Structures are given as C-alpha cells and as structure tokens.
1. Can you give the FRET efficiency for Ser312 and Ser338, using 1/(1 + (r/R0)^6), R0 = 35 Å, r = Cβ-Cβ distance, to the nearest 0.05?
2. May I ask for the percentage of alpha-carbon pairs in the stretch 266-367 that lie more than 24 Å from each other?
3. Stretched out fully, how many nm does the piece from Met663 to Asn452 gain, at 0.36 nm a residue minus the Cα gap?
4. Which peptide among 445-455, 262-272 comes first, and what is the full order, when sorted by highest mean count of other Cβ atoms within 10 Å?
5. Over the chain, with the other protein chains present, what is the accessible area per residue in square angstrom, probe 1.4 angstrom?
6. Per-residue counts of other Cβ atoms within 10 Å, averaged by peptide: what ranking do you get for 614-624, 124-134, 184-194, highest first?
7. I want to check the label-to-label distance for Lys114 and Glu584. Put each point 7 Å from Cα in the C-beta direction and report it in nm to one decimal.
8. Could you tell me how far the Cα centroid of the stretch 277-308 sits from the Cα centroid of the stretch 398-416, in Å?
Amino acid sequence: MKRRVVVTSALPYANGSIHLGHLMEYLFSDIWVRFLKMRGHEAYYFCADDTHGTPVMIRARKENMLPEDLIKKMHAEHVRDFKAFGIEFDNYHSTHSDENQKWSAFVYERLKEKDHLLRRDVEQTFCEHDRVFLPDRLVRGICPRCGAQDQYGDNCEKCNATYETVELKEPRCSICGNPPIRRSTEHIFVKLGDFKDVLLRWIPGALQPEVKNYVTHWIQAGLRDWDISRDGPYFGFPIPGEQNKFFYVWLDAPIGYIASTDNWCKKNRRNVEEFWSDPATEIVHIIGKDIVYFHTLFWPAMLHAAGLNLPSKVHVHGFLRVEGEKMSKSRGTFLNASTYLRFLDPQYLRFYYAAKISAKPDDIDLVFEDFVNRVNAELVNKIVNLYSRNLKFVQSRLASRLTTIHARDLPLLRKATDLADEVASYYEKRDLSAVMLRISQLAEEGNLYLQNTEPWRVLTTNPETASEICTAVANFGLVLAIYLKPVLPALVTSIERIMGVEPLDWSHIPRVVENHTIQPFERLIERMERKQIDELVEASQKEFDSTNQSRPDPVQVDPLSETCSIEDFAKVDLRVAEILEACEVEGADKLLDVKVSLGPLGERRVFAGVREFYPDPAALKGKKVICVANLKPRKMRFGLSEGMLCASSANQDGSHVRVRLIMADPQAEPGDRVS
C-alpha cells in the first residue's frame, strides 16, 4: 500500500557550521527517506535552518553584520555541506521566512483562542555587560540536580534533568563569562498541563519504548507552564498585538517543519493541508536525545491546539562520541563537515554511520581505528570487491557480455532475493545496523561463490559455464545494490552505470538481467588510510588553535614563599575518583593518561606526573584515588587535562623524587567528597 510520509530532522542552527555530530542525524534521515522512495512511497524530506534567537544576534553583532546577512551566509554553507555528503532534501528552507511567520502566528492565535495562554512575571538572567536577556543556551553553570559542572541553562547532559535557567548554580554568561543578574519581566506562557491527557494518549504509538518511559514520567510528575515569549532586543518574530515581545525560538523552530512543507507546496502546486491536516499522512521526526522534551511535549501540544496532525513517530537516536568521549575542539575531534571533506570520502561516513545506528536511542562511537578497519574490510574488501572481481573479469575475459543464468546458479540469486522482506523490515524499523549486517553477509556469500566456482579457471575448458556463473553473480550484485542504494547512492549509481541498467528500486527484485552488454568498468572507491584520519584531526586541532589562545603554563613558585587563606583552600573540591583506565603518554617521560569516574559528576581525563612509580599503568584500573574536581581544565601538548590527582613524593636517595598517587578508601563511592 502506497503511503504519504513527511520526514524531518532537527533544524540545524544558523549560528554554526555542520559537524559530524549533526551529520549522523541528517544521513540517518536521508537514508530512510531514500528507502521509502525506492519502495514506491510518496516520501518527503523537509528541513530548514533554525535562524532565530539571541546567539545569532550576538554573533552577527560580533561579525559586524546584520542577522539577516549572517543567516544567508550560513544557509549557503549548510546547503553546500549537505550536498557534498549526498543528503537530498525535498525542500530546505529557513525559519526566517514569510511562511514561518504566518504559521507561527496561526498556532499562537489558536492557543490564545482556546485559553491555553497565561501571563505572569518571571525572573530572567540578564547580562549587564552585553545588555541582553540570556537564553538558556547562553548560560552555563552547575546543574542544580546532580552538581555537574559546565551545564546549559535548561538541561543537564550528565543526569538529563530539565530546569529553569535561574535555578542553575554559579551561572555565567557564555558570551563574556561574567555572572548575569536577574531581572523581572512579564512573559506569556502555554498552560502545558491542559494537554496531559492528549499527550498520554499519543505517546504509546509514537515513541520508542526506551523514550516512552521517561516521557511518561515527565508528564506524571507534572507539566510546567511553557514560556513562549522573549523581550527585545531579540532576533525573531514579533508576537502579534504585543510591544517589544518576540516568539521564543523554540516556538517557531519546529513550526519550520510546516513552513518548509508550505514553501515546497507553493513551488509544486500542492496544498499544505494534505500534509499537516490529512490524518492519512504520516509525520516522522528523527531527532537527538537532547531535544526530546520539546518534540514530545511542547510540539504535539501546539499541533493539537492548532488542529493539525500530531507526529506519527518521534524517533530518537543517541549522541555521537569520538574515541569514546564527547567531541572536543581542543583535542581536534570536533570535526566539521567541511574539514572532513578535505581528507576523506563522504561515502566512508555514510557507510560507517549506517553500520552503527540501531533502532534504539543508543550513543554511537566514532573510533578511528575501527572506522578505518571497517571501511576497508567490509566496504572495500568485501562489498566493492565483489563487483570489481566479477565485472572486471566480464569486461576483460568475456567481451563485456552477460549471458543467461543456469539453474545450478539460481540458489545463489535466491539467497539475495529471499531477504528482500527482511531487509525492508529492518529499514522500516530504522535499524540500519541490521540492514548493513545482512548486506555484509550477502557480499561475503557472493565472494565465496566466486572463489569456489572459479570462473577464471572454468573459462579455459567451458566458456559458456564461466559466463553463466558471472551472469548469476552480476545479478546477485544488483540485488545487493538495491539493498545498499539508500546508504551509498553514489556508489550504486556507478554500479548502475557499469551494468548499463536503469536506476534501481525495490520493484527490480527479482527481475534479472541476461544477454546484456555491460559498460567499461570504473574504479568504485579507494581504501582508507589511517594517515588521512591523523591529518584530519591535526587540521581540526589547528582550526581550534587559530581561534583560541592557548593557556599559558603556570608560573613556578617556591611553595613556602606564599600562603593561602582558609577561604582559598575551601574552594578546592576534593572528590573520590575511580580509575577507569590508565596508559603511558607517548613523548612524555613522567605522565600517565588517566581516565577517572567521579560518579554523578561524570568522567574526566587527567594527565598525572606519576609514570615512574607505576611501570604497569593498566594495574591502576579500579583503584580509588583523590581528585581535585573543580580545577580549571588545562590545555597541554598531549590534550586537555580536566582535573588533578592528589599525589605524594617518595624521596629515594635525597635527590631522586618519585611521585605516587594518594589512594582513597576502597569502600568510598566515586564522587564522594573528601574532607
């Protein structure tokens, strides 16, 4: 049955470049939409730049340009990077558009008419230095729930708590670093509690089980009113009928999905209502874990109030980690799309992400060694090798001619065609890793068949049989290419061109190509080299260094020549830390690279000068030590050190000093305070 499906991803913010964390979501969405289209469904991928808010206004001010000019510049950059990675939107628009202003006003008026709005005075953070009210993402501080440091003003990345910006402890302005003050002002709120029953009815069919549980918990714990207004100066849409008040960016950003659809409809003589009012249309949002609250509470409430379709599915994926940690600019692992493209084929990333993304909201880890090995072993040596071995042989030894498939070779072809429904079901569930596992297994089957039947040997005695074998393997490869096409469209386009066939889709299963001349072979993909990764990381590190001054080394002083007050000493936050792993630092005689857990405060990486005392650093795993948890991170030649481990010196002979760690009580829990 043919379906109409609208697919969206979170709108990339116009304040910054596209990076590899963003790309995971857009590649995921692109792959799934391509699959739906190959199945014959009426599928659309709509997206837009998220353009409003204080951060855009502040950046434009710093770059001495109008916000409108900044968002145009970023829009062109985003479109360029998406295109380079083969991400194909049906429409890519902007939230700073006539359509979005119209739909934002429409939703607001519906909320107002149905008495879902209220007014009250609120305290907001205001930066006196920058003369602006600070949105939650421009305030950093200590989580009021778990105590994690350097968290945003609306939610904690460590414990996933949500809170008001004014609840944040020790807040500071992300622009200038100064502590903000609080100012009282009247704001407009949506009474989110009005929608409790609507949301509880909607959740079971729309969310993954893992997500449904904690969204249900949020609702049952009580829904807070949602602040949808901001005071000027603010870059955004003025609220109709109000003075110096603007729609909060999180009101008009998701409405950008509708606005992008509307913009496409104008260009294609369609009616936007058939997408957002017709219940026959499926709406699927693919988003990250950090914006679940907005897409599962605020957004469906707005849609319901406006009389529009609620999402059929909100599919949540995990975060991207690089080498086991959050992307880091200082370590060169915060990788922008444009930097990646200077060194690596975008098809590598499409393949790797697909191999790692499951149907669950699990984080995925971009491990460089695994990245290189998997691309070379599975994509190049297994999948691409199947086409190279067979089609090169057909061209060079069989006059580029496919003949017929003999009955003895049909079981091979059936191995591929019999999996069509299973592979499609994995795609439908958005379980890309399961799809890629099946594709890899099939490629292995095809290579094994070639190896066992040896058409190059058979050719000397029976050319007809050799040709039949290669024809069967070529058709096997076409089925494999159909399964692979949503993930690697550029590669499959090359295969289609070599095979001389029309663009492949699911309807070509189980058709076969016989008595057919193939086209000249072309190289499909190159092997990845580890040095390309190293060059990419080095280039990213240089980009960071060029825009950030390295912190100077601390001044060395005689420890007895200066004193500190008890107030100074009280600032030191000593905590029990459990060592998760430790290793030597190449190029440093005294340092160990130690990864520790501070319990609810998260994990830290610390460079400790204790290498001589611990010739086998791996033996430190599981030990409890004492860590200075609130030490300002220090950029070193080897990376960023995020704390300090307490140690003592052992004098060997009056001159040679060996430093060893001070151990904590083995029964203590990571994160416990040390007094």
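The values are calculated or read from the model by the stated rules, or taken from the named source; none is laboratory data. Just so you know, these numbers come straight off a predicted model, no measurement behind them. So basically every Cβ, Gly included, is an ideal-geometry build from the backbone, and we count neighbours across all protein chains shown. All accessible areas refer to the heavy atoms of the entire protein, side chains included, with ligands and DNA or RNA removed. Shrake-Rupley method; radii C 1.70, N 1.55, O 1.52, S 1.80 Å.
1. On the way: r = 34 Å, r/R0 = 0.98.
Step by step, r from the Cβ atoms, then E = 0.55.
2. 45 percent
3. Values: separation 211, 0.36 × 211 = 75.96 nm, distance 6.05 nm.
Extending this stretch completely gives an extra 69.9 nm.
4. Numbers: 445-455: 16.9, 262-272: 14.6.
Top to bottom by mean Cβ count within 10 Å: 445-455, 262-272.
5. Values: 30390 Å² over 675 residues.
Normalised by residue count, the accessible surface of the chain is 45 Å².
6. Numbers: 614-624: 14.3, 124-134: 18.4, 184-194: 16.5.
Highest to lowest by the protection proxy: 124-134, 184-194, 614-624.
7. Modelled inter-label distance: 6.7 nm.
8. After rounding, the separation between the Cα centres reads 48 Å.
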